[in-house]
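The values are calculated or read from the model by the stated rules, or taken from the named source; none is laboratory data. Treat the numbers as computed from the prediction; the structure is a model and nothing was measured. Cβ placement follows ideal geometry from the backbone for every residue including glycine, while neighbour counts extend to all protein chains displayed. Note: accessible area is taken over every heavy atom of the protein model, side chains too, but ligands, DNA and RNA are not part of it. Shrake-Rupley method; radii C 1.70, N 1.55, O 1.52, S 1.80 Å.
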Amino acid sequence: MLSAALSIMGAIQPKVLCSVFTQMNAENGLLPRFTFIFAKCKNPPLMNEEEFTGQTLLEKIAAHLLDWKMNTNDNQTWPQKIRLSPAVYGCYRTWNHTLTMRTWRISEIDRVIVPKVVSLTARLALLSHALKAAFDGDDGLSDLSVETMEGAVKFGDWIYAHQKHIWVSLGIENQPITTPLDEAVMRVGLSLEEFLKENDWRVSNNGFNSLVQRHLDRAAARLGIKTTVNIGKKRGKEFSNAILERFRAASYF
């Protein structure tokens, strides 16, 4: 069957969760496959006489959804398609871009979480659409409404906040996005590995800084910045308005 998926729902205590997932699970792609909801009890769990009365309704919804048919042709089956109007697609696209742009430079955690949340929100919109169709007793093939998508993206924002909270609570590294300078420092450190081993893991500031500067000069040259300009009796770099315009066009800031 095309587009088959398996969802598993369950609960786990926070202290147990910390022993199940590690930094490695975040890096190897396992942790992002889980959607966490932090269900904190606000009130003490006291006994009451309330009874669950939704069994009949749930059975009615399940029966209605199971009765839906897939497209068939020459004994081949594939899922039905639900259309998104320009307004609905625009709602989803705007939210997608807003969340992605707002979180892109926050941390590595956000760069992993947000694409998963964006994908999940589209499925939540479809599930909400199907549930409404079951309540209304129709075949669910109508276009997805703006109201349904707006509700889904609000849910997406809520899930993002919970995911971020859980990841940070797990102690997963919430490092900021590395800058070119960060990368230059890391490259220099790696290039000095043998030297550091032989010198008690130490290097002079002048030696280290000159190597970092060399990496930065190479990066600047690749970007079109002149790196051998005389400014009085000192050496410097020369920019231009055209270079800054090119940087501005390629950057989010």
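With springs connecting C-alpha atoms under 10 Å apart, model the chain as a Gaussian network and identify which of M47, M101, M70 has the largest mean-square fluctuation. Between M47, M101, M70, it is M47 that shows the largest mean-square fluctuation.
When trypsin sites (Lys or Arg not before Pro) are flagged only if DSSP places them in a loop and at most 16 other Cβ atoms lie within 10 Å, the longest unflagged stretch of the chain comes out as 106-201. Across segment 202-214, rounded Karplus estimates of 3J(HN,Hα) from the backbone phi angles (6.51 cos²θ - 1.76 cosθ + 1.60, θ = phi - 60°) give 10, 8, 5, 4, 4, x, 5, 5, 5, 5, 4, 4, 5 Hz, Gly and Pro being marked x. Entry for segment 123-253 at q = 0.11, 0.13, 0.20, 0.23 Å⁻¹: log10 I(q)/I(0) = -0.74, -0.84, -1.15, -1.27, Debye formula applied to identical alpha-carbon scatterers, no solvent contribution. For the chain, the carbon plus sulfur part of the accessible surface works out to 57%, probe radius 1.4 Å.
Close amide H partners of F34, meaning residues 5 or more places away or on another chain with modelled amide H under 5 Å apart, do not exist here. For the chain, averaging the sequence separation of C-alpha pairs within contact (under 8 Å, six or more residues apart) and dividing by the residue count gives a relative contact order of 20 percent.
Taking only DSSP H segments of four or more residues, each worth -39500 (n - 2.57), what value at 222 nm results for the chain once the sum is divided by all its residues, to the nearest 500 deg cm²/dmol? Display every interim value, and only then the final one.
Values: 10 runs with 141 residues, N = 253.
-18000 deg cm²/dmol, from helical runs alone.
Fully extending the segment from D143 to I61 would add 27.5 nm, taking 0.36 nm per residue of separation and subtracting the current Cα-Cα distance.
Using the Stokes-Einstein relation with a Kirkwood hydrodynamic radius computed over Cα pairs, the translational diffusion coefficient of segment 26-96 at 25 °C and a viscosity of 0.890 mPa s comes to 132 µm²/s. Remark on segment 101-162: ratio of C-alpha radius of gyration to 2.2 N^0.38 Å is 1.33. Provide, for q = 0.15 Å⁻¹, the log10 of I(q)/I(0) from a solvent-free Debye sum over equal Cα point scatterers in the chain. At q = 0.15 Å⁻¹ the computed log10 ratios are -1.27.
Once both labels are positioned 7 Å from their Cα atoms along Cα-to-Cβ, the gap between K15 and L196 label points is 3.8 nm.
I want to verify a result. In a Gaussian network model of the chain, Cα cutoff 10 Å, which of these has the top mean-square fluctuation: A221, A242, A152? Maximum among the listed residues: A242. The charge dipole of segment 120-168, taken about the Cα centre with unit charges on the Cβ atoms of Lys, Arg (+1) and Asp, Glu (-1), comes to about 380 debye, rounded to the nearest 20.
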